[in-house]
Amino acid sequence: MGRADTDDLSAAQIFYPCMQCADIFFLHADICQLGMDQRKVNVLAREYCDATKRKLKPVILSHAMLPGLLQGQEKMSKSDPNSAIFMEDSAAEVATKIKKAFCPPGNVDGNPCMEYARLIVFPWFGRFDIPRFEKSGGGSAAYTEFADLASDYLAGSVHPGDLKPALAAALNAILEPVRAHFANDARAADLLKRVKGFKVTK
């Protein structure tokens, strides 16, 4: 599947991509919205459609992979609830996770908070408003380009103490309609309850 493995594979390594591919058809998914790390499996599903002459191929919608929120995590993990923001997280949970997130001052590379700003906040809102504490000069800054935010963050004029609350507020604004849906739709609320009851394994 394009990974750096030898030709000597275990049975699990052979079956796993096949099972991932089968998931797409079992769920009757018409759009596969997954990270770039899953793209080859999605292509396999489309090639299977060609081989079996299935008329409706799943559409592949691949997006950038978000890093985990904790130090040293290259990507978020569903098995570690603190490594990512989930669609069903409450506003308080989002704020707590972002507050605990790895966010070294003056460092953009490997900074998950800056990546969330670049990949989620700017594309969603087209801007990022950050109120600043007195130690950062006070006032507030409105950014329309990530490069400008990155420059100020590197220079220290935007501190992690400024970035984190603004990031949590932006993410919560994005998630609020999702929360309202689960709160106001009985069927959705039941589904959420069942999903939360599943045990996540690695």
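The values are calculated or read from the model by the stated rules, or taken from the named source; none is laboratory data. Just so we're clear, the structure is a prediction, and the values are computed from it rather than from any experiment. Virtual Cβ from ideal backbone geometry, glycine too; neighbours counted across all protein chains shown.
Summary table
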| item | result |
| --- | --- |
| Residue list for the stretch 5-46, filter: among the small types (G, A, S) and part of a helix (DSSP H, G or I) | A11, A12, A22, A45 |
| Wholly within the stretch 88-137, helices (runs of 4 or more DSSP H) carrying at least 3 residues that are farther than 16 Å from Q73 by Cα and assigned by TED's automatic domain parsing to the domain that holds S157 | 91-100, 122-125 |
| Selection count where residues are surrounded by 15 or more Cβ atoms within 10 Å (Cβ to Cβ), of a type in the set (K, R) and at pLDDT 95 or above, scope the stretch 100-137 | 1 |
| Qualifying residue in the stretch 175-196 (condition: closer than 17 Å to S90 by Cβ, at pLDDT 95 or above and surrounded by 13 or more Cβ atoms within 10 Å (Cβ to Cβ)) | yes |
| Yes/no for L175 being of a type outside the set (V, I, T) and within 20 Å of P104 (Cα to Cα) | no |
| Test: residue in the stretch 140-150 that is of a type in the set (F, W, Y), surrounded by fewer than 17 Cβ atoms within 10 Å (Cβ to Cβ), assigned to a helix (DSSP H, G or I) and at pLDDT 90 or above | no |
| Residues (basic (K, R) and in contact (Cβ under 8 Å) with a residue 24 or more places away in the chain) located in the stretch 157-199 | K164, R179, K196 |
| Qualifying residue in the stretch 70-86 (condition: touching a helix residue (DSSP H, G or I) at 6+ places or on another chain (Cβ under 8 Å), farther than 27 Å from V195 by Cα and not basic (K, R)) | no |
| Complete set of residues in the stretch 102-122 that are touching a Phe, Trp or Tyr at 6+ places or on another chain (Cβ under 7 Å) and charged (D, E, K, R) | R118 |
| Residues (in contact with a Leu (Cβ under 8 Å, 6 or more places away or on another chain) and among the basic types (K, R)) located in the stretch 18-75 | K75 |
| Residue list for the stretch 47-71, filter: buried (at least 17 other Cβ atoms within 10 Å of the Cβ) and part of a helix (DSSP H, G or I) | Y48 |
